[in-house]
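Engineer: Shown below is the structure under consideration.
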């Protein structure tokens, strides 16, 4: 119901922006959110998400407070009719797959068509390949993720909720994009999400 | 640090006030245990009757819980009429996708319960796996029982949330075949298609609750409307998980006692009691996230921990709530949802 993002009365605060986490069951949506929100990862302490839930977090982006309302959804197919209703209010969506689970990667196209059907056309979208800490179990190569992301023109990065790799970056990048969109300062250079992600992203291998 | 069911108590668990409550509750439990053992010594002790209903509302002692749930839900009768059926399901051919879905949730079902840890001995994960695998394949079979035949004809049938229901049943019965038949009683008969692919029963009941709140606690309904909060957001887990992980374990079990005997109406009674009791508190909310937060907070604290008083409240606080009213609301809400095309999403 909130429509376009806009400035609130407070000149250094961007009004509430809603971000949705989507992707197959078990890809790590809740873990990613908890890592970002609380900086914690407790192995084996997460329960499967039923329905939909959200947490708020305020990020400081270049001196401006951006309030994110992050929606965590159940990945299982039958819950989608419940979560569809929330797509249209999402300013951004983080679409996750699990690099140790081929099926979750193969389903990305189905998720994308769902997003195109239900979300706002101008919603910010980013593809994340999660669980890259599990190097031995990896079945989806980084190149595969990159290729798919390029095909759909979506920024991409690999993450690990366990090690924390790129988790803050994913949310910060989204927050920056949303901030720039809502403030539109005349003298500011246009923010390029793709370039920013490419520049800031860290690999899971040697360069960490 | 661990409660009698194996759940680890949170770091900030208030032992003082819990002890204070429990010492009072022990008196009730003892009195009920004596009454129940007398009742069960008589023949036909648990035929449905006004007396048994009253007894159940006052709580089934844990040592009899599995037995009474089995009898009053009809699970016992179904199990006896279909001897060997459960094992046949386990021995039969398995669907890979279903097995995969079940495995995904294995480590995510009660990680805070020591009995469900991989390292536990005996480990209830295998039991849970069996019950879910059997249940997932069970509904493909047509014709073993009237109700299931009508509701489910095709496809695999597993659903996030079911793992929690099955987990609780296993903790109480300590028997996988009984857990299976109780799960069947809950999902196949007691709950109106909450767990069907389109979740129409669930969506309907969420709207029904909304209407009941409009009738009984109008200010809260108005608040929800004003801020555009959909009921599904704040209550879907109440319905899907039947208050597991929402309310304290002992309170959930007391609710389930009534649920198995009296049916899904109990869910509305609990929900309405929570909302009505905390009306003033909920109305303090001034925005969307605030409202959601209030709905989380009203499920915590002494009001819900004191399960015996709470269960008395659910039969008085919401006022009269006839099955006729609920059925009528279910009909109109379902029709509205169908008109909105909510079945087409799947």
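The values are calculated or read from the model by the stated rules, or taken from the named source; none is laboratory data. No experiment lies behind these values; they were computed from the predicted model shown. Every residue, glycine among them, receives a Cβ derived from its backbone with ideal geometry; neighbour counts consider all protein chains shown.
Engineer: Going residue by residue through the range A:153-163, is there one that turns out to be surrounded by 13 or more Cβ atoms within 10 Å (Cβ to Cβ) and assigned to a helix (DSSP H, G or I)?
Structural biologist: No; the residues of the range A:153-163 include none that is surrounded by 13 or more Cβ atoms within 10 Å (Cβ to Cβ) and assigned to a helix (DSSP H, G or I).
Engineer: Looking only at residues that are without any contact (Cβ under 8 Å) to a residue 24 or more places away in the chain and under 23 Å from residue B:243 (Cα atoms) in the range B:281-295, which one is surrounded by the fewest Cβ atoms within 10 Å (Cβ to Cβ)? Explain how you work it out, then say what you get.
Structural biologist: Keep residues of the range B:281-295 that are without any contact (Cβ under 8 Å) to a residue 24 or more places away in the chain, which gives B:281, B:284, B:286, B:289-290, B:293-294.
Now drop any that are not under 23 Å from residue B:243 (Cα atoms), which leaves B:281, B:289-290, B:293-294.
On the way: B:281: 11, B:289: 17, B:290: 15, B:293: 14, B:294: 19.
The qualifying residue surrounded by the fewest Cβ atoms within 10 Å (Cβ to Cβ) is B:281.
Engineer: Looking at the range A:132-167, which of its residues are within 26 Å of residue A:84 (Cα to Cα) and in contact (Cβ under 8 Å) with a residue 12 or more places away in the chain?
Structural biologist: Start the filter on the range A:132-167 by keeping residues that are within 26 Å of residue A:84 (Cα to Cα), which leaves A:145, A:148-159, A:161, A:167.
Selection gives A:145, A:148, A:149, A:152, A:154, A:155, A:156, A:157, A:158, A:159, A:161, A:167.
Engineer: Given the criteria part of a helix (DSSP H, G or I), surrounded by 14 or more Cβ atoms within 10 Å (Cβ to Cβ), on the phi < 0 side of the Ramachandran plot and away from every other protein chain (no Cβ under 14 Å), does residue B:98 qualify?
Structural biologist: In short, no.
Engineer: Grab the helices (runs of 4 or more DSSP H) fully contained in the range A:52-133, keeping just those with 2 or more residues being closer than 13 Å to residue A:21 by Cβ and within 13 Å of another protein chain (Cβ to nearest Cβ).
Structural biologist: Answer list for the range A:52-133: A:80-87.
Engineer: Something else about it: Looking at the range B:245-307, what helices (runs of 4 or more DSSP H) fall wholly within it and have at least 3 residues that are more than 14 Å from chain A (Cβ to nearest Cβ)? Outline the logic, then answer.
Structural biologist: Numbers: elements: B:249-262, B:265-277, B:279-283, B:288-297, B:302-305.
Counting at least 3 such residues, we get B:249-262, B:265-277, B:279-283, B:302-305.
Engineer: Please verify whether residue B:329 is more than 30 Å from residue B:22 (Cβ to Cβ), surrounded by 13 or more Cβ atoms within 10 Å (Cβ to Cβ) and either within 18 Å of the chain's Cα centre (by Cα) or more than 14 Å from every other protein chain (Cβ to nearest Cβ) (or both), treating the condition exactly as stated.
Structural biologist: Considered against the rule, which asks whether it is more than 30 Å from residue B:22 (Cβ to Cβ), surrounded by 13 or more Cβ atoms within 10 Å (Cβ to Cβ) and either within 18 Å of the chain's Cα centre (by Cα) or more than 14 Å from every other protein chain (Cβ to nearest Cβ) (or both), residue B:329 comes out as yes.
Engineer: Something else about it: So which of A:50, A:19, A:66, A:27 ends up being buried (at least 20 other Cβ atoms within 10 Å of the Cβ) and either out of contact with any strand residue (DSSP E or B) (no Cβ under 8 Å at 6 or more places or on another chain) or at pLDDT below 80 (or both)? Break it down into steps so the answer makes sense when it comes.
Structural biologist: On the way: A:19 fails: either out of contact with any strand residue (DSSP E or B) (no Cβ under 8 Å at 6 or more places or on another chain) or at pLDDT below 80 (or both); A:66 fails: either out of contact with any strand residue (DSSP E or B) (no Cβ under 8 Å at 6 or more places or on another chain) or at pLDDT below 80 (or both); A:27 fails: either out of contact with any strand residue (DSSP E or B) (no Cβ under 8 Å at 6 or more places or on another chain) or at pLDDT below 80 (or both).
Step by step, each of A:50, A:19, A:66, A:27 is checked, and only A:50 is buried (at least 20 other Cβ atoms within 10 Å of the Cβ) and either out of contact with any strand residue (DSSP E or B) (no Cβ under 8 Å at 6 or more places or on another chain) or at pLDDT below 80 (or both).
Engineer: Also, quick follow-up: I'd like the full set of residues that are at the interface with another protein chain (Cβ under 10 Å from one of its Cβ atoms) and in a loop (DSSP other than H, G, I, E, B), limited to the range B:230-244.
Structural biologist: If the condition is that a residue be at the interface with another protein chain (Cβ under 10 Å from one of its Cβ atoms) and in a loop (DSSP other than H, G, I, E, B), then B:230, B:241, B:244 are the ones that fit.
Residue by residue, here is whether (1) at pLDDT below 95; (2) in contact with a strand residue (DSSP E or B) (Cβ under 8 Å, 6 or more places away or on another chain); (3) surrounded by fewer than 24 Cβ atoms within 10 Å (Cβ to Cβ); (4) more than 23 Å from residue B:261 (Cβ to Cβ) holds:
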{"residue": "B:141", "(1), (2), (3), (4)": "yes, no, yes, yes"}
{"residue": "B:147", "(1), (2), (3), (4)": "yes, no, yes, no"}
{"residue": "B:150", "(1), (2), (3), (4)": "yes, no, yes, no"}
{"residue": "B:153", "(1), (2), (3), (4)": "yes, no, yes, yes"}
{"residue": "B:156", "(1), (2), (3), (4)": "yes, no, yes, yes"}
{"residue": "B:163", "(1), (2), (3), (4)": "yes, no, no, yes"}
{"residue": "B:169", "(1), (2), (3), (4)": "no, no, no, no"}
{"residue": "B:179", "(1), (2), (3), (4)": "no, no, no, no"}
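Engineer: Mind checking which residues of the range A:169-190 are surrounded by fewer than 16 Cβ atoms within 10 Å (Cβ to Cβ) and either modelled with pLDDT of 90 or more or in contact with a helix residue (DSSP H, G or I) (Cβ under 9 Å, 6 or more places away or on another chain) (or both)?
Structural biologist: Once the filter is applied, which keeps residues that are surrounded by fewer than 16 Cβ atoms within 10 Å (Cβ to Cβ) and either modelled with pLDDT of 90 or more or in contact with a helix residue (DSSP H, G or I) (Cβ under 9 Å, 6 or more places away or on another chain) (or both), the range A:169-190 yields A:188, A:190.
Engineer: While we're on this one: Please work out which one of (1) part of a helix (DSSP H, G or I); (2) within 14 Å of another protein chain (Cβ to nearest Cβ) is the condition residue B:110 fails and give its number.
Structural biologist: Result: residue B:110 passes all but (1).
Engineer: Sort through B:7, B:13 and tell me the only one that's free of Cβ contacts under 8 Å to residues at least 60 places away in the same chain and either out of contact with any strand residue (DSSP E or B) (no Cβ under 6 Å at 6 or more places or on another chain) or closer than 19 Å to residue B:304 by Cβ (or both).
Structural biologist: B:13
Engineer: Within the range A:30-50, how many residues turn out to be within 12 Å of chain B (Cβ to nearest Cβ) and touching a residue at least 40 places away in the same chain (Cβ under 8 Å)?
Structural biologist: Residues flagged as within 12 Å of chain B (Cβ to nearest Cβ) and touching a residue at least 40 places away in the same chain (Cβ under 8 Å) within the range A:30-50 amount to 3.
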